[in-house]
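S.K.: Handing you this structure, nothing more for now.
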Amino acid sequence: MEKRKLSFWQIWNMSFGFLGIQFGFALQGGFMSRIFQTLGAGKEDIPLLWIAAPLTGLLVQPIIGYMSDRTWSVKWGRRRPYFLVGAILSSISLFFVPNSPALWVAAGFLWILDASINVAMEPFRALVADKLPQSQRSYGFVVQTLIIGIGTWVASNLPWMVSQFGVSNEAEIGIVPMSVKVAFAIGAFVFLASILYTVFTTDEYPPEDIEEFKKEKAKKNNFIPDILNNIGSMPTTMKKLGVIQFFSWFAFFTMWSLANPALTEHVYQTPAPIESAYNTADNIQAGAFKLANTQFQESSNLVGSAMGIYGLSSMAFALLLTLYTSKRNINRKYVHMVSLMLGGIGFLYMNYASPETLIYSFILIGFAWGSILSMPYAMLSSSVDPKKMGVIMGIFNMFIVIPQIIAALGGINYVSNLLGEAAINAMTVAGISLVIAGLCNFLITNKNAISYQEEN
């Protein structure tokens, strides 16, 4: 079936649900480590507490991709049922995460939250490939990136924004401040509302051959053999993109898990106070702990706001690419290479940044983030069987979650400790990893992946 070109607003509507998904990811990425530290976690324990995120992605995304490929409803389509279920569960989890009474409860809710986000997210990637012709693929993924950038910036600033309206940023020992709780509640609402907008404004194409689809669906479910077969027959370009993704996502997982302890300690000079170092039965020491904790919470707000800058710059990056790709083809390979290397420089600069100049690091990181969310998927979607787009996108996610699992299980701590004990060393590791990812783009040689090729 020849797919018709869609207008900007049609692509915008089908991608708008990503605003909510990114609210969830940005709140998780910007403030989950802060919640863990508030509940008593040491900075060396934080990566392991984050292992829920990549593990659920590894398990959930291929399953959801496979199931959505085999789903069709005249009323609800193929991908939209998964958007809706994921949104409902994510919204519930977002509300409860900052209200966790103990560290293990927060880690458990993170697990549920990330599983739910993955249920909603994977079909969105496949939807772009389902709905758009080859010539609009780059454009479609770039529009998604634009929406993601908006979501990242707004959500990352939410605790700071609500504190400006008088919501308290102080809290007792082991209690998450009300500013964070309100921010997560707002995120829960936006997540559900934006997904509903896409569900009710976007229709989907039926399978090209509905009879063949019914026969295929009626066959015995061979999920595991099919997944293994698709992994074994993975196109060469997909494998090469996987190498790039490995180093890219190792870098960003490092940022999400350790940016708060690294930057509050190194840039703002207000590390999280350790309760055992204070005699809280003594009024003076209890007051000193409260002051140190308040300073940590305030600098954590500033770290969150600074991280929001990478969402803003990724949005600007995506806007420029949107304007360009609506008229012309781009060399996806070189765009991705340069963007990743600029992000690497941003991470490396954190060693020398002040509170006033930290913004420049995140501006550069935003270029990398904008490219990571669009270019690999555009290159991949031009290199694989469109009938298997859901399961392929799910398998491709393995190259995202495996480096995160390695990082969480001690990879970050091991590599950064080679440079010293300071938490900021983790950001140096992230920078080196992104530079390596950029150089790996030289591996991509498939012309269809590099740029859309018009048929003769």
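The values are calculated or read from the model by the stated rules, or taken from the named source; none is laboratory data. Remember, predicted model here, so these are calculated numbers, not experimental data. Cβ placement follows ideal geometry from the backbone for every residue including glycine, while neighbour counts extend to all protein chains displayed.
S.K.: Given (1) closer than 25 Å to TYR82 by Cα; (2) modelled with pLDDT of 80 or more; (3) surrounded by fewer than 17 Cβ atoms within 10 Å (Cβ to Cβ), where does GLU212 come up short, assuming only one miss?
M.R.: Failing condition for GLU212: (2).
S.K.: Shifting gears a bit: With (1) modelled with pLDDT of 85 or more; (2) crowded, with 24+ Cβ neighbours inside 10 Å; (3) over 21 Å from ILE432 (Cα atoms) as the list, and ARG332 as the residue in question, which single condition is left unmet?
M.R.: (1)
S.K.: Shifting gears a bit: Just give me the residues in the range 354-371 being of a type in the set (Gly, Ala, Ser), under 17 Å from ILE432 (Cα atoms) and either at pLDDT below 95 or under 18 Å from the mean Cα position of the chain (by Cα) (or both), in sequence order.
M.R.: Initial filter on the range 354-371 (of a type in the set (Gly, Ala, Ser)): 354, 361, 366, 368, 370-371.
When the remaining residues are screened for being under 17 Å from ILE432 (Cα atoms), the result is 361, 366, 368.
Selection gives GLY366, ALA368.
S.K.: Of the residues that make up the range 411-426, is at least one under 27 Å from SER305 (Cβ atoms), in contact with a His (Cβ under 6 Å, 6 or more places away or on another chain) and modelled with pLDDT of 85 or more?
M.R.: yes
S.K.: Here are VAL180, VAL154, VAL167: which of them is modelled with pLDDT of 75 or more, more than 30 Å from PHE396 (Cβ to Cβ) and surrounded by fewer than 24 Cβ atoms within 10 Å (Cβ to Cβ)?
M.R.: That would be VAL167, the only listed residue that is modelled with pLDDT of 75 or more, more than 30 Å from PHE396 (Cβ to Cβ) and surrounded by fewer than 24 Cβ atoms within 10 Å (Cβ to Cβ).
S.K.: Here is a follow-up. How many residues are among the small types (Gly, Ala, Ser), within 21 Å of ALA422 (Cα to Cα) and part of a helix (DSSP H, G or I) if we restrict to the range 1-44? Talk me through it step by step, then tell me what you get.
M.R.: Let us first name the residues in the range 1-44 that are among the small types (Gly, Ala, Ser), namely 7, 15, 17, 20, 24, 26, 29-30, 33, 40-42.
Then drop every residue that is not within 21 Å of ALA422 (Cα to Cα), which leaves 29-30, 33, 40-42.
Next, only the ones that are part of a helix (DSSP H, G or I) stay: 29-30, 33.
The number of residues fulfilling the criteria is 3.
S.K.: Same structure again: Which pairs do you get when a residue that is within 12 Å of ALA437 (Cβ to Cβ), found in the range 235-254, comes within reach of a residue that is of a type in the set (Ser, Thr, Tyr), reach meaning Cβ atoms under 7 angstrom, with the pair 6+ apart or on two chains?
M.R.: Close Cβ pairs satisfying both conditions: PHE247/SER433; PHE250/SER433; ALA251/SER433.
S.K.: State which residue pairs qualify: first residue under 15 Å from LYS181 (Cβ atoms) and of a type in the set (Gly, Ala, Ser) and inside the range 75-102, second residue at pLDDT 90 or above and in a helix (DSSP H, G or I) in any location, beta carbons under 6 Å apart, and separation of 6 or more residues or different chains.
M.R.: SER91/ALA188; SER91/PHE191; SER91/LEU192
S.K.: For the range 238-251, state whether one or more residues are among the small types (Gly, Ala, Ser) and at pLDDT below 90.
M.R.: Residues of the range 238-251 that are among the small types (Gly, Ala, Ser), as a first pass: 242, 248, 251.
Among the residues that remain, those that are also at pLDDT below 90 are: 242.
Yes, the range 238-251 has at least one match.
S.K.: At pLDDT 80 or above and crowded, with 23+ Cβ neighbours inside 10 Å: is that true of ILE88 in this structure?
M.R.: Here the answer is no, as ILE88 does not meet what is asked.
S.K.: Looking at ARG80, ARG4, ARG34, which is the one that is among the basic types (Lys, Arg), modelled with pLDDT of 75 or more and either surrounded by fewer than 24 Cβ atoms within 10 Å (Cβ to Cβ) or over 19 Å from the mean Cα position of the chain (by Cα) (or both)?
M.R.: The match here is ARG80.
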